[in-house]
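Participant: Dropping the structure in here first, questions after.
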Amino acid sequence: MPKSRGREGAKARAKRATELPQTQKLKSNPPWFVPLMCALMIVGVLWVATFYITSGALPIESLRYWNLGIGMGMIMAGFMMATNWR
């Protein structure tokens, strides 16, 4: 009867697992990262809400619907930062 190789493979995997180098610790974000991320999202929402509440008269009337782009851009920048938060 042929010899099973299952045990040898398990022993080899266990040996390799103990020999693996330790993973590097990820660098944390600077202290200004989270406040800026939150501020971008909050200011973006307030920018868009102000535009709709004032029927386009505020925050900057001459920009018209670009105000929505500015507000949404700030919100998106905040969410992009959130993906890199450690």
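The values are calculated or read from the model by the stated rules, or taken from the named source; none is laboratory data. These numbers come from a predicted model, not from an experiment. Note: ideal-geometry Cβ built from the backbone for every residue, glycine included; neighbour counts use all protein chains shown. For accessibility, only protein heavy atoms count, side chains too; no ligands or nucleic acids. Shrake-Rupley method; radii C 1.70, N 1.55, O 1.52, S 1.80 Å.
Participant: Could you list, in sequence order, all residues of the range 52-73 that are closer than 22 Å to MET37 by Cβ and either at pLDDT 95 or above or open to solvent by 50 Å² or more (accessible area, probe 1.4 Å) (or both)?
Facilitator: Of the range 52-73, the ones closer than 22 Å to MET37 by Cβ are 59, 67-73.
Within the range 52-73, ASN67, LEU68, GLY69, ILE70, GLY71, MET72, GLY73 qualify.
Participant: Quick check on the range 3-20. Is at least one of its residues surrounded by fewer than 12 Cβ atoms within 10 Å (Cβ to Cβ) and at pLDDT 80 or above? Show your work before the answer.
Facilitator: Quick first cut of the range 3-20, residues surrounded by fewer than 12 Cβ atoms within 10 Å (Cβ to Cβ) only: 3-20.
Restricting the remaining residues to those that are at pLDDT 80 or above gives none.
No, the range 3-20 has no match at all.
Participant: Looking for something open to solvent by less than 40 Å² (accessible area, probe 1.4 Å), modelled with pLDDT of 90 or more, under 28 Å from the mean Cα position of the chain (by Cα) and among the small types (Gly, Ala, Ser) - is there at least one such residue anywhere in the range 21-41?
Facilitator: The answer is no, given that none of the residues of the range 21-41 is open to solvent by less than 40 Å² (accessible area, probe 1.4 Å), modelled with pLDDT of 90 or more, under 28 Å from the mean Cα position of the chain (by Cα) and among the small types (Gly, Ala, Ser).
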